[in-house]
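In what follows, a structure is listed as structure tokens, so that the remarks can point back to it.
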Amino acid sequence: MLKFFLLSFLSFAFISCGSATNIETGQPNFWFIPQPLTSFSIVLGDDVPDTFDAEVIDLDAFSTTKLQIDTLHKAGKKVFAYVSVGSWEPYRTDSKNFPQNIIGNIYPGWEDEKFLNIKALDTLSPLIKERFDMIKSKGFDGIEADNIDIYTHDIDRKNGTGFNITLADTKKYVDFLIQEAHDRNLSIGQKNAPDLTKTYGDLFDWALLEAPFHDHYAETFALYPQHHKAVFSLSYLDNTTQTEFLTKTCQQAKQLLFTAILKPRDLSATEIRCHR
């Protein structure tokens, strides 16, 4: 009876858990699902603060330590792991494990990264599983799976990635990512890729969007708050001013029940939030 009461209470909490049945064990899984307007912060630079005001913190999967996560948990925070699942980064500790035949062209704007062949799941999946295992072992609560939208670089048929990746290829990969995250009781968010929202709004646990109001695709994600899931909107100082953010962007975000923050492009600790 006590267990039933606790689970019922958690299902109505501001920060809740989702559930699904584990195919292997037949038992329910539970993972963190942030509710609309949950406060959010992301820091991927070297100057990670000791404390945060936000309820959800997004940090680098590799450089963040278990001690840092444990400390944040003690302060009542939830912690997401930033990890690229669509690009190869040579500076990662596991970069040598990625064979050359799945590493493609240079990622425009990020000259130290190259695209990954997400179609080569037989080769790529063990590497991603190892990363998700690392994320789980450190105690993260969720995964920010970046670069699921690399198919957009091949839409013009110029083979930007080197692998002619399609939206259909991406959906197969996303199915894999969501399953692997949930198998580890980790939540996972949709990062950009508005083409996926209609299909995956019920399957992802939250969304993180870069410049959705500046690039005019924010309303595509309106169904997330309707499904009691948070949308974190990230504006950049190189495409909007602080004044415009605090007036126009914050008002737009409020109407859609999005959490909006303004950051420098390097995602250092500097941050501006909408007034509550």
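Coordinate-derived values only; no laboratory data. Remember, it's a predicted structure, so these values are computed and weren't measured experimentally. Virtual Cβ from ideal backbone geometry, glycine too; neighbours counted across all protein chains shown.
Can you pull out the residues in region 79-123 that are touching a helix residue (DSSP H, G or I) at 6+ places or on another chain (Cβ under 8 Å) and of a type in the set (D, E, K, R)?
Within region 79-123, 89, 94, 119 meet the criteria.
Return yes when residue 248 is charged (D, E, K, R), in contact with a Cys (Cβ under 9 Å, 6 or more places away or on another chain) and surrounded by fewer than 18 Cβ atoms within 10 Å (Cβ to Cβ) and no when it is not.
Spelling it out, it is not the case that residue 248 is charged (D, E, K, R), in contact with a Cys (Cβ under 9 Å, 6 or more places away or on another chain) and surrounded by fewer than 18 Cβ atoms within 10 Å (Cβ to Cβ).
Let's see how each residue does on (1) touching a residue at least 60 places away in the same chain (Cβ under 8 Å); (2) within 19 Å of residue 267 (Cα to Cα); (3) among the basic types (Lys, Arg):
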site: 42; (1), (2), (3): yes, yes, no
site: 75; (1), (2), (3): no, no, no
site: 134; (1), (2), (3): yes, no, no
site: 139; (1), (2), (3): yes, no, no
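Residue 122 versus (1) surrounded by fewer than 16 Cβ atoms within 10 Å (Cβ to Cβ); (2) without any contact (Cβ under 8 Å) to a residue 24 or more places away in the chain; (3) closer than 19 Å to residue 138 by Cβ; (4) not hydrophobic (A, V, I, L, M, F, W, C): which is the lone unmet condition?
Here residue 122 meets the rest and fails (3).
Select from region 203-254 the residues that are polar (S, T, N, Q), in contact with a Leu (Cβ under 6 Å, 6 or more places away or on another chain) and over 17 Å from residue 193 (Cβ atoms) and list them in ascending order.
Passing the criteria: only 235.
Restricting the first residue to region 247-274 and requiring it to be closer than 20 Å to residue 57 by Cα, which pairs with a second residue that is in a strand (DSSP E or B) and of a type in the set (Lys, Arg) meet a Cβ separation below 6 Å and a spacing of at least six or different chains?
These pairs meet every condition: 261/273; 271/263.
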